[in-house]
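Here's the structure we're looking at; comments come further down.
The values are calculated or read from the model by the stated rules, or taken from the named source; none is laboratory data. Model, not experiment: these values are computed from the prediction. No Cβ is skipped: glycine too gets one built from the backbone with ideal geometry, and neighbour counts run over all protein chains shown. Accessible surface areas use protein heavy atoms only, side chains included; no ligands, DNA or RNA. Shrake-Rupley method; radii C 1.70, N 1.55, O 1.52, S 1.80 Å.
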Amino acid sequence: MSTYKTEQEEFWAGEFGNDYVERNKSQELLSTKLALFSKILQSTEKIDSCLELGANIGLNLRAIGLLLPKIKMTAVEINKNAAEECRKNPQVTVYEQSILDFSSSEKWDMTFTAGVLIHLNPDELNKVYDILYNNSNRYILVSEYYNPSPVEVEYRGNSQKLFKRDFAGEIMNRFSDLKLIDYGFIYHRDNVFPGDDLTWFLMEK
């Protein structure tokens, strides 16, 4: 019997999530992450801590740690193999659990997701938006596939596993005190640091 509430959680905790871990171990990806976060962090002021929901093997956090060596980093990751990889970074505290089960009274200077909201059950998004907001002292970052209206896309032959929408817009509509600080796009045909066509949005309380 599944211990998870949604089929999407089961999917990422299991074999498909394990395969994803192996596909994403590359120095090229780390280079792209460094380019991305060097751009994003230029639009912030002093960040001493961050929380990533759905960190996988921790490439985003590795990049942030290289750019901000003294930062305190926390990760939430559902997949056991990915969490083990993430723990190899001594800068990161890892919670091995579903984002939907995560609860903490702690706050971080920046909370964020990168390529994670797109894979969650849409009915659970408001709960995750609340976690991003309530656990942030100042900044919220989402880097996801953008679409003006909600749409489902087949993902590697699987249905109900990838959804595009205006995540940042929904978060700002839900929390009226948030303002957009910066945003950008990572193009898969970039000449130097190709990404995965993700659009990122940096918001501030």
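Any idea which of (1) of a type in the set (Val, Ile, Thr); (2) open to solvent by 50 Å² or more (accessible area, probe 1.4 Å); (3) farther than 23 Å from THR6 by Cα is the one VAL151 doesn't satisfy? Only one criterion is unmet by VAL151, namely (3).
Looking at this structure, is TYR155 among the hydroxyl-bearing types (Ser, Thr, Tyr) and at pLDDT below 95? Yes; evaluated as a whole, the condition is true for this residue.
Just so you know, in the stretch 164-192 the residues that are at pLDDT below 95 and under 19 Å from the mean Cα position of the chain (by Cα) include one that is nearest to VAL116 (Cα to Cα), and it is ILE186.
Kindly check whether there is at least one residue in the stretch 127-144 that is in a helix (DSSP H, G or I), open to solvent by 50 Å² or more (accessible area, probe 1.4 Å) and modelled with pLDDT of 95 or more.
Going through the stretch 127-144, the residues in a helix (DSSP H, G or I) turn out to be 127-134.
When the remaining residues are screened for being open to solvent by 50 Å² or more (accessible area, probe 1.4 Å), the result is 127, 134.
Going one step further and asking which of them are modelled with pLDDT of 95 or more, we end up with 127, 134.
Scanning the stretch 127-144 turns up at least one residue that is in a helix (DSSP H, G or I), open to solvent by 50 Å² or more (accessible area, probe 1.4 Å) and modelled with pLDDT of 95 or more.
Checking each residue in the stretch 154-184 for being surrounded by 17 or more Cβ atoms within 10 Å (Cβ to Cβ), in contact (Cβ under 8 Å) with a residue 40 or more places away in the chain and part of a helix (DSSP H, G or I) picks out PHE167, ILE171.
Looking only at the stretch 114-126, count every residue that is open to solvent by 40 Å² or more (accessible area, probe 1.4 Å) and more than 16 Å from GLU7 (Cα to Cα) and tell me the total. Residues flagged as open to solvent by 40 Å² or more (accessible area, probe 1.4 Å) and more than 16 Å from GLU7 (Cα to Cα) within the stretch 114-126 amount to 1.
With respect to (1) surrounded by fewer than 16 Cβ atoms within 10 Å (Cβ to Cβ); (2) among the hydroxyl-bearing types (Ser, Thr, Tyr); (3) under 20 Å from ALA55 (Cα atoms), the lone exception for TYR187 is condition (3).
Residues of the stretch 185-196 that are in contact (Cβ under 8 Å) with a residue 24 or more places away in the chain and not acidic (Asp, Glu): ILE186, VAL192, PHE193, PRO194, GLY195. All conditions but one from (1) within 14 Å of the chain's Cα centre (by Cα); (2) over 19 Å from GLY58 (Cβ atoms); (3) of a type in the set (D, E, K, R) apply to GLU77; the one that does not is (2). Among the residues of the stretch 107-122, the ones that are of a type outside the set (A, V, I, L, M, F, W, C), free of Cβ contacts under 8 Å to residues at least 60 places away in the same chain and assigned to a helix (DSSP H, G or I) come to 1 in all.
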